[in-house]
Every structure is written in structure tokens, then in C-alpha cells.
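For reference, the structure discussed in these notes is given below.
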Amino acid sequence: MPTEKAYPTPRSSAYLNALTQEIQKKLQPALQSPSQRRNILQELFADIALEVDDRAKGIILCIEEDAISPAEDDIDGPLCFYDVLADHYVRVPESGRPILDLIVQLWSQSFASHIFSLLFHKWLFEVQLDNADVLLRYSSALVQGARNVFWIDIQTNTRHFQSLFQYLLEDVVMEPMRLNKIPVQVQQDLYLLLSRFIFFYNAVDKLESFLKHCPAFPNAFLVGRPADIFVIELADQLQKLKVEPVLLHYLSQIKLLQGIELRMATSTRLKTCLYSFTSPGGPMYPTRAVRHAAWDALDFLFPVGRYPRHMISLFFRLLYPWYWPFSCWNFVISCIKAVFYSLLRIIISRWEKMR
């Protein structure tokens, strides 16, 4: 992470300690006022998820005015308060202990797991916890909180919590020494969670290594190999997506699965999932852009039976006359665009020959 490359100074340490005290001050009223707990925790979550402003960044990364620090150059993407605080609690574990104690008392409240996952996702894998029950509670809260914040990114089509995802993927799942610190069941839950979001956070280049680090699943004999487990989770994720740009992103990325060996049941499951997005109406109610993207992905991954699928789809479309005007209109527009671009290419090519 970028903040790990910046050496803490007394000034930056004092600033982070002050932030920690502010977090404590916000958590304490949450304990005393049950009716306001949700609002207080939601506000605190929003505060620690904010991007660090230039003034605070200069203090934390030791950047002088009108100067460019090597630490600043190392930052990839927005630097948020939870990034620097998570690093701080690894370097100075006792600094985060009062906050952790308060979060534990608010464990069942909304946004408590969100805050825990953002502030202590690194701390959990760097400290030594001898109590198995505490370790299970903390690691389960981490997975639950990470799932919640990743879905916030999905709903807003942002990558605000990408650094958390990258840490869990690259520094935990792909690092057996860290991964083995948490219970086996939580390892499995974490792997399934990351399987659902690896396309969203553009980490497909890590897919091969990710599959190699798949933990042992008790039902692997029935489900299949790591690739089958990954695709099953991915198909379930697609069925839950409602944000059109996100769904289009998944459908474009899913073409990278070409060539991966899958069980017949898994392959059929993925094919059925993609096919469900090719028809208008329920249960998915996909937009026209999503339908076309689903057809492209389906034909690319499963070229066998391409034409019969389209013929069957056309037949069922004819059973719904209320869709005919839209289909005819889109067909006419597509033809006009095709003729226009063809004429434009001819004109350009002749113009280039005349020059």
C-alpha cells in the first residue's frame, strides 16, 4: 500500500493520534445513545472513507509546500483516511486498541463491521491473537464488513475501496502465512467474496494465481475445481447486479473465461445465467445494451449452438407483440447507422486516394 512507503515522523504520528482520538469521541456517544447509534456510526464510516485532502496528505506523507515527495509519487489512486489509519494501527497497535474495544461493544450495530474492516484489516493479520473465539469473531467481521463496503462501490459504480480489495487479494489470499492465521471457514468465505468482485476491481490479471491459492472446500468433490467454484460465485453475482454500467463491465470482462476448463454443470450454469440477460422483461429486465452485451459474451464463450439460440430467442420475441415496435425501430436505426458508416468509409477512402 502506498502509505507503507512513507516513513512516519513525529508530526504525522501526532496527526494520526489526533484522528484516533476523534474517532473515539464519536464512538463513545454511540454507546450512550442507542437511538442515535446508527446515525453516528454511519457518519463515522463516511468520515474515515473520505479521501485525504492536500493539507492532511502533506502532513501524513511529510510533503513540504511546493515540493514533490517520492511517497506522493508512489500513490496509485485516491488516498483515503482508512488507508493511513490502517497502516498506523499496524505500526502502533496500542493506538487502535481503545477504538477496537468500543467497536466490540457495538458489534451488532449497522456499520460497525464496515468500520472494523476499514481500520483493522491489516492489523488483524499482523498481530498475534491467541484466543480462537476472538480470532473467529474478528475475521468473520472483516469478511462481513468487506462485503458491505464492496457492495457500496457496486451500487455507486466507484472504486473507493479498491485498496482494501487489493490487500485482501494480494497480501492475504495469495500469502499463505497471513491467510492461515484465520480459521479455515473464514478463509473459504473470504475466497468466495473475492471471487465475486475480482472482475469489478479489474484484477483479472491475478486470476490465474488466485485460482491456484484456492483453499480446500469440503464440498469440492461435488462442486468441482477452483475454476468451477469461481464461476459459480461469479454467476450468482451477475444475477444480483442491477447497476447497468457495472453489469456491462462484468459482461465485457467475463469473456476472459474463454479456455478455462469447467464441469458440465458449471458451464451450463454460466450459460443459463448469460442467457437470462438476453431477453427483455422479467425476471432480470435487462436494458438493450445489457442484452447485446450478454449475447456477445454468450456467443464468444459458447460458439456451439449460436444460431439455434438466436432463432429460439427470435421465436419467443414474436410471442410478445408489444416488443415489436421497439425491435423494428432499433433495427431501422441500426441499418441507417450501418449504411451511413459504410458511405463515410467509402468517401474517406476516395478522398485519401485523391490526395
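Regarding segment 330-351, can at least one residue be identified that is at pLDDT below 70 and surrounded by 10 or more Cβ atoms within 10 Å (Cβ to Cβ)? Please lay out each step first, then the result.
Taking segment 330-351 as the starting set, the residues that turn out to be at pLDDT below 70 are 330-331.
Narrowing further to those that are surrounded by 10 or more Cβ atoms within 10 Å (Cβ to Cβ): 330-331.
Scanning segment 330-351, I find at least one residue that is at pLDDT below 70 and surrounded by 10 or more Cβ atoms within 10 Å (Cβ to Cβ), so the answer is yes.
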Worksheet item: Just one of the numbered conditions (1) part of a helix (DSSP H, G or I); (2) among the hydroxyl-bearing types (Ser, Thr, Tyr); (3) modelled with pLDDT under 95 is not true of Tyr250; which one?
Response: (3)
Worksheet item: Identify, please: which residue in segment 176-191 is of a type in the set (D, E, K, R) and more than 23 Å from Leu234 (Cβ to Cβ) and is, among those, surrounded by the fewest Cβ atoms within 10 Å (Cβ to Cβ)?
Response: Arg178
Discussion item. Given the criterion under 16 Å from Ser163 (Cα atoms) and at pLDDT below 85, identify the matching residue among Gly58, Gly77.
Written reply: Gly77
Practice prompt. Go over the candidates Leu207, Leu194, Leu168 one by one and state the one that is in contact with a helix residue (DSSP H, G or I) (Cβ under 9 Å, 6 or more places away or on another chain), surrounded by fewer than 22 Cβ atoms within 10 Å (Cβ to Cβ) and assigned to a helix (DSSP H, G or I).
Written response: Leu207
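When you check His213 against the structure, is it surrounded by 13 or more Cβ atoms within 10 Å (Cβ to Cβ) and out of contact with any Asp or Glu (no Cβ under 9 Å at 6 or more places or on another chain), yes or no?
Spelling it out, it is not the case that His213 is surrounded by 13 or more Cβ atoms within 10 Å (Cβ to Cβ) and out of contact with any Asp or Glu (no Cβ under 9 Å at 6 or more places or on another chain).
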Fill in: Candidate set: segment 1-48, residues that are at pLDDT below 90 and among the β-branched types (Val, Ile, Thr); chosen: the one nearest to the chain's Cα centre (by Cα)
Thr3
Discussion item. Within segment 253-280, take every residue that is in a loop (DSSP other than H, G, I, E, B) and among the β-branched types (Val, Ile, Thr) and give me the one that is surrounded by the most Cβ atoms within 10 Å (Cβ to Cβ).
Written reply: Thr278
Practice prompt. Consider Ser95 carefully, then state whether it is hydroxyl-bearing (Ser, Thr, Tyr) and under 23 Å from Asp236 (Cβ atoms).
Written response: no
Worksheet entry | Positions within segment 171-191 being in a helix (DSSP H, G or I) and either small (Gly, Ala, Ser) or touching a His at 6+ places or on another chain (Cβ under 6 Å) (or both), in sequence order | Val173
Fill in: Sole exception among (1) surrounded by fewer than 16 Cβ atoms within 10 Å (Cβ to Cβ); (2) touching a residue at least 24 places away in the same chain (Cβ under 8 Å) for Gln162, by number
(1)
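The values are calculated or read from the model by the stated rules, or taken from the named source; none is laboratory data. This is a predicted model, so every value here is computed, not measured. Glycine also receives a Cβ, built like all others from the backbone with ideal geometry; neighbour counts cover every protein chain displayed.
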